[in-house]
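Data first, discussion second: the structure below is written as structure tokens.
Readers should treat all values here as calculations from the given coordinates under stated rules, not as data from a laboratory. Only a predicted model underlies this, so the values are computations on that prediction, with no experimental measurement involved. Because the Cβ atoms are built from the backbone with ideal geometry, glycine has one as well, and the counts that use them run over all protein chains shown.
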């Protein structure tokens with residue numbers, strides 16, 4: 001499973017959260033989707049099917065005070081959006097109160113943190129088989145294991161592939 005985190009913002013004229021794209025999210029999603037391939041599953045094979053072949057999601061994180069930023073599991077507050085849906089969203093910006101393009105992510109379908117975690121835990125979404133092997137190779141890991149890896153990339157740094 002690949003998740004790209006993006007911080008939402010708000011302005012003084014509104015209480016709504018929105019996302020202002022710096023031009024990087026589209027290419028980051030395209031990179032995530034390169035690792036989404038259809039599963040080859042047979043009727044007599046393992047119970048490894050998924051609800052969707054895409055393994056990329058974007059979590060739009062709500063800007064909150066540091067003491068309130070995480071839930072009891074240490075997960076930042078926000079909602080998960082399928083990467084393909086975010087690509088569609090990026091093609092339909094709204095006008096912000098200052099006149100620039102913004103994305104009102106609350107108007108798009110998403111998953112709560114609890115639902116997302118349950119779908120991952122129950123293996124309804126996420127990588128399987130060859131996809132997992134490719135991701136482990138990119139990370140330089142040779143064995144399948146539960147892994148959560150976070151990489152912070154400053155906005156002035158071009159993404160590595």
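Which value in nm describes the separation of the simple spin-label points at residue 30 and residue 7, placed 7 Å from the Cα toward the beta carbon?
2.7 nm
With r as the distance between the Cβ atoms of residue 141 and residue 53 and R0 = 22 Å, compute the FRET efficiency 1/(1 + (r/R0)^6) and round to 0.05.
Working: r = 22 Å, r/R0 = 1.01.
Once the sixth-power term is evaluated, E becomes 0.50.
Relative to the present Cα-Cα distance, how much length would full extension add between residue 15 and residue 77 at 0.36 nm per residue of separation?
The span from residue 15 to residue 77 would gain 20.7 nm if fully extended.
Kindly put 138, 120 in sequence by how many other C-beta atoms sit within 10 Å of each C-beta, fewest to most. Could you put the intermediate results ahead of the total?
Details: 138 10, 120 15.
Lowest count first: 138, 120.
Would you please give the FRET efficiency between residue 97 and residue 64, computed as 1/(1 + (r/R0)^6) with r the Cβ-Cβ distance and R0 = 22 Å, to the nearest 0.05? Don't jump to the answer; show the numbers that get you there.
Details: r = 21 Å, r/R0 = 0.95.
Calculated transfer efficiency: 0.55.
Using Cβ counts within 10 Å as a stand-in for footprinting exposure, how do 32, 1 rank, fewest first?
Ranked by crowding around the Cβ, least crowded first: 1, 32.
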